[in-house]
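Single-structure report; data block below.
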Amino acid sequence: MKNALEVNDLTVTYNQKPVLWNVGYAIPEGKMTGIIGPNGSGKTTMLKSIMGLVEPDGGSIRLFGQKLNKVRHRVSYVPQRESVDWDFPISVMEVVGMGRYTKRNLLGKQTKEDQDYALEALEKVKLLEFKDRQISQLSGGQQQRVFIARALAQHADFYILDEPFAGVDAASEAAIFELLTQMKEEGKNVLVVHHDLQSAAKFFEYLIMLNTRLVAAGPTEEVFTESNLESTYGGQLNILNSIGEQLKKKSFPIRE
Amino acid sequence: MSSKDLIDFLLLRDYNVLMVVLGTVILGGSAALVGSFSFLRKQSLIGDAIAHSILPGIVLAFLISGSKNPLFLMIGALISGWLSISLINAIVNRSKLKTDAAIAIALSFFFGVGIVLLTYAQHNSEGNMTGLDQYLFGKAASMNSLDVQLFALMAIVLFFFIIIFKRAFILISFDREFAISKGLNVRFYEWLLSSLTILAIALGIQAVGMILMAALIITPAASARQWTNKMGLFMGLTVLFGMIAGYFGSFLSYTAPQMPTGPWIVMVLSFITLISVIFAPEKGIVSRQRKKRKNQQKILIENVLKSFYHIGETKKEIDVKRSPLELNVKLQTEIKRVIKGLSILERKKQVVRVGESWALTTEGITESRRIVRLHRLWELYLTKKMLIDPSFVHHDAEAIEHVITPEIEFQLTKELDNPEIDPHHSRIPKIRT
Amino acid sequence: MTAFWIIFTGALLAASSGILGSFLLLRKMAMIGDAISHAVLPGIALAYLVAGFDTNYFLLIGAALFGMITTLIIQWLDKRIKMQTDASIGVTFTFLFALGIILISAFASQIDLDQECVLYGEIAYVPLDLIYTASGESIGPRQVWILGVNLIIILIAIVAGWRGWILSSFDEEYARSLGIKTTIWHYSLMMLVSLTTVVSFESVGAILVVAFLVIPPATAYLLSDKLKVMVVLSVVFGVLSSIMGYYLAWVLDSSIAGSMAVSAGMLFLLALFFRPKEGIVVKWIKFSK
Ligand SMILES: Nc1ncnc2c1ncn2[C@@H]1O[C@H](COP(=O)(O)OP(=O)(O)OP(=O)(O)O)[C@@H](O)[C@H]1O
Ligand SMILES: [Mg+2]
């Protein structure tokens, strides 16, 4: 079985403070995977490293066995909702249309095909009737679906979503989950940062448990154990903290 | 200019010079003081907006009263400064526009009004307009003793209020929510602080002019912040920098009389910032570079020590002399660096030179054992507690071994149950005591 | 004809600034625009010093480089030195502006610029400085040509790169996740802003450039929820301000550039108080009913 994602020895720091420390795991192809961990445990940072948005201090990441730049068009990213400027004068359709943008066609115009893809994505998330609305005039769940639609329009093979269920009611959550499942069934890979433990066990067949270091990674039924949860949510390791402080205090590089 | 002139200036022998210098020093100090709060509240650019917004108030006060009595003008300045702040607040609270846009809007709108009024007055008013444009560009060079007395008075008022309310001001600057929860009348203190800011700015623009006023508010605080984390020292340095800039700014423009004073004050301030950014302890570039170099040196010499240990480990020949070439088989760096590391170690009496080679001293042996021990302890910790594959741990340990303090080492030993063998089946050296 | 040329100059500038300002506003960089418009002064002073303003158009671009230097210094203070952002901006633009004033004063005999002109320009003289063809016929004021070319450059850049501008302004992170170099877009915008500031300095000065960069886009932003509409409205409000400003100045016998800024501000206040649904007054009336 091939791996969709391989992370080796990944270490990331912000201002010398380690946020991800020696994280390594692999996700087989065709899985619906969840990343769980407490606030500030580095989940978003993990996704940003995969998307090349932060510069790791060490380690490597492979997508479909290749470097990100080779397979960028096959990967699609939905950022955490807080990072969006909802007052931006832009309509639902325009946001979804961005899913068709690439490095090469930025100077071009929208083609008929792009338009069709965008409409099809909107149809899938059931937002067709809202396509001309400005994005602040939507509910939380609808806003989230807009960004999922943008990812869908990209027709990628790997979908990476940062907390798509945050601030979303039960009905929307079910709808979004339904969508993700459908994508998975089409043979796509889905990687989701998630907060709610109860539903995590239900939603995901594969789990990454993160708390600065990797606590566990593997099939849910194997890793979703009392003791793993305890190490994930039971606070940081004391020694890691002390060393983090030393690194910061002395401005020491975490890799030679 | 002769050197006698210069000395005369520096000692303030000339009466006019004395006035100019006193004036700019007072203004620089006062503006810097209120600026320290704007800085802490991350609102320094509001000072820029206020400085521009004062113009219409001053011109209107002149048009209505027909006089250039500083008191009237100051009242006008306060009113239009307040209007500008209110506009900024209204925009931020009542629309989707953000603070920076609100500031830019208030700034250019009020300044536009000011320019319109000023040119209107110039073309239509009977009164003598000369002197009003000093608010645009400053008039430090022509300050007289009356001005200085007024400035001194206002400065005393400013310092008085700030000293009395210092704690409340600091509190609302740092943690507004907390101040509210403490039952502090935050609105009152904010109003007072803003009024003092407007006052200081209305004064300050007479030294440097409207456009450059932002520098008098922002730059001293930004420079002082580089030097210290202590509140008292920060405020003291801020005021000091403001005053220094006033003094040397007027000095520089004195040496080149056709030059306006304001820009020179700003140049001195910018120079202070540059010095601060480069030389401040801790945050300064030099200090950061030095730290970096020290760290690199530490890494280098500890690696050299380790190298002695590794080469001799299997045959228990750690104390045997080695040539740099031999040592570098493990180190994989340039020979030059190995020799550099060795000579540093020699100074620390951890190695001795034997012909073309070096050998560890007793101290060096202890030290090399300590480092190898830390390296292996950490590797073990990573595999045992962080469940990292042994083939990945070496990298991390190469860096972390250099920062493990004795306390952390103690903890590691405890948590790992006083281990003997590392994940790669090598022995973890014990520290002999 | 004088009135026409002056209003036309204002309108050309308003159009350029309205377009660029819309993007500055949406990128939350309004004060960076303010900073740049002040900080290009040393560049302008040097351009005058080296060749006199009108002789060499490459010098204009050289002067515009100071806008880039401004953003670079601000970024350096902000990111490397970790000075807080507002202070980085304030420290940088005051330093460069002071430097510019010193240059102008030091070389007063060679630089034909005075401090007033730096602040609010001399738009009234625009119609006097005409360009003549070889046969001696006038083809309009020099400023109008310069600003016109500037506007065309901006139009081409914005229309051609529309997708890039909207994407990098709306969601920088997503853009980077597509492998797009957002810094190139960032610096291109800074370059265009600098260029616009430099070419309009002579006619309207630093302050009106800021007014035109910020106020009409802000007005448009309040009234529209589509980017295209916002950009078009910014231009409309800008042009309207220059017409209103000209006549306001005529009535009051006051600075034309200043009056244009005031008119832009008036339109903004109207929108702030009376815009449908959210206007302060509108809300207040609804509330008291
Ligand atoms: N740009 C940054 N600069 C400095 N520190 C940062 C930055 N981004 C994140 N951090 C810090 O890194 C740590 C991990 O952040 P991250 O966003 O990855 O956490 P998370 O697991 O996604 O948290 P949450 O559940 O709140 O989304 C946090 O302590 C955060 O404060
Ligand atoms: Mg997160």
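For the reader, a short list of remarks on this structure follows.
- Per-residue HN-Hα couplings for the range B:269-280 [Karplus 6.51, -1.76, 1.60; θ = phi - 60°; Hz; x = Gly/Pro]: 4, 4, 5, 4, 4, 4, 4, 5, 5, 7, 9, 4
- If R0 is 51 Å, the Cβ-Cβ spacing of B:ILE156 and B:GLU409 corresponds to a FRET efficiency of close to 0.30.
- The GluC sites (Glu not before Pro) of the range C:97-137 meeting both criteria, a DSSP state outside H, G, I, E and B (loop) and at most 15 other C-beta atoms within 10 angstrom of the site's C-beta, are C:GLU137.
- Where a label projected 7 Å from the Cα of B:HIS123 along Cα→Cβ would reach, residues of the range C:235-249 with amide N under 15 Å: C:244-249
- For the range B:153-219: rounded, prolate or oblate by the Cα gyration tensor [a/c cutoff 1.5]: prolate
- Cα gyration tensor, the range C:1-90 - rounded (a/c under 1.5), prolate or oblate: oblate
- Taking the square roots of five times each eigenvalue of the Cα gyration tensor of the range A:146-256, the equivalent ellipsoid has semi-axes of 32, 18, 14 Å, listed largest first.
- Shape call, the range B:297-360: gyration tensor on alpha carbons, a/c limit 1.5: rounded
- Those trypsin sites (Lys or Arg not before Pro) in the range B:1-78 that DSSP places in a loop and that have at most 14 other beta carbons within 10 Å: B:ARG13, B:LYS42
- Degrees between helix B:145-174 axis and first principal axis of chain B (Cα, 0 to 90, nearest 10): 50
- Using alpha-carbon coordinates, inclination of helix B:285-313 to the longest axis of chain B, degrees: 10
- Rel. contact order, % - alpha carbon contacts under 8 angstrom, at least six apart, the range B:371-433: 45
- Per residue convex hull volume, Cα atoms of chain A, in Å³: 142
- Within the protein assembly as shown, antiparallel bridges make up roughly 65 percent of the DSSP beta bridges whose residues both belong there.
- Distance from the range A:240-256 to the range B:246-301 (C-alpha centre basis), Å: 29
- Unsatisfied cross-links (Cα-Cα over 20 Å) in the set A:LYS103/A:LYS131; A:LYS131/A:LYS184; A:LYS126/A:LYS184: A:LYS103/A:LYS131; A:LYS131/A:LYS184
- Other protein chain Cβ atoms within 10 Å, averaged over every residue that makes up C:254-267: 6
- Each peptide among C:187-198, C:125-136 gets the average number of other Cβ atoms lying within 10 Å of its residues, and from highest to lowest they stand as C:187-198, C:125-136.
- Chain B, relative contact order [Cα under 8 Å, separation at least 6], %: 17
- D_trans [Stokes-Einstein, Kirkwood Rh over alpha-carbon pairs] for chain C, 10 °C, 1.306 mPa s, µm² s⁻¹: 81
- Sorted largest first, extent of the range B:17-283 alpha carbons per principal axis (Å): 54, 48, 31
- Chain C, relative contact order in percent, only Cα pairs under 8 angstrom and at least six apart counted: 29
- Evaluating 6.51 cos²θ - 1.76 cosθ + 1.60 at θ = phi - 60° for every residue in the range B:53-69, the Karplus couplings come out as 7, 6, 3, x, x, 5, 5, 4, 4, 5, 5, 6, 8, x, 10, 9, 4 Hz, glycine and proline recorded as x.
- Size descriptor for the protein assembly as shown, Kirkwood hydrodynamic radius: 31.9 Å (Cα pairs only, one decimal).
- Binned Cα-Cα distances of the range A:92-176, short to long, each 10 Å bin given as a whole percent: 18, 50, 27, 4, 0
- Legend: helices of chain C (whole DSSP H runs) are marked when their alpha-carbon atoms reach 24 angstrom or more along the helix axis and their mean Kyte-Doolittle hydropathy is at least -0.5; marked are C:2-26, C:57-75, C:85-106, C:142-160, C:182-223, C:227-252, C:256-274.
- C-alpha long axis of helix A:170-185 to longest principal axis of chain A, angle in °: 90
- Once backbone amide H atoms are built at 1.01 Å from N, A:VAL78 has A:ILE160, A:LEU161, A:ASP162 as its partners under 5 Å, excluding neighbours fewer than 5 places away on the same chain.
- Inter-part distance where the range A:143-198 and the range B:180-218 are each reduced to a Cα centre, Å: 49
- Averaged over the residues of B:256-265, the number of partner chain Cβ atoms lying within 10 Å of the residue Cβ comes to 4.
- Förster radius 22 Å - calculated FRET efficiency between B:LYS384 and A:GLU256 (Cβ-Cβ, nearest 0.05): 0.45
- Its DSSP H runs of at least 4 residues, each contributing -39,500 (n - 2.57), put the calculated 222 nm mean residue ellipticity of the protein assembly as shown at -21500 deg cm²/dmol, to the nearest 500.
- Pairs from the table (A:LYS17/A:LYS250; C:LYS28/C:LYS226; B:LYS330/B:LYS414; A:LYS124/B:LYS96; A:LYS17/A:LYS249) lying more than 20 angstrom apart at Cα are B:LYS330/B:LYS414; A:LYS124/B:LYS96.
- The mean number of Cβ atoms from other chains found within 10 Å of a Cβ in peptide C:23-35 is 5, as a whole number.
- Note that the range B:371-433 shows a convex hull volume over its alpha carbon atoms of 77 Å³ per residue.
- Between B:ILE421 and C:LEU72, the FRET efficiency estimated from the beta carbon spacing at R0 = 41 angstrom works out to 0.15.
- Take B:289-298, B:194-203, C:31-40, B:165-174 and order them by the average number of nearby Cβ atoms within 10 Å per residue, most first; the result is C:31-40, B:194-203, B:165-174, B:289-298.
- Between the range A:1-77 and the range B:403-420, the C-alpha centres lie 30 angstrom from each other.
Bear in mind these aren't lab numbers, they're just calculated from the coordinates by the rules spelled out. As the structure is a computational prediction, the values presented were derived from the model and not from experiment. We place every Cβ from the backbone using ideal geometry, glycine too, and count neighbours over all the protein chains shown.
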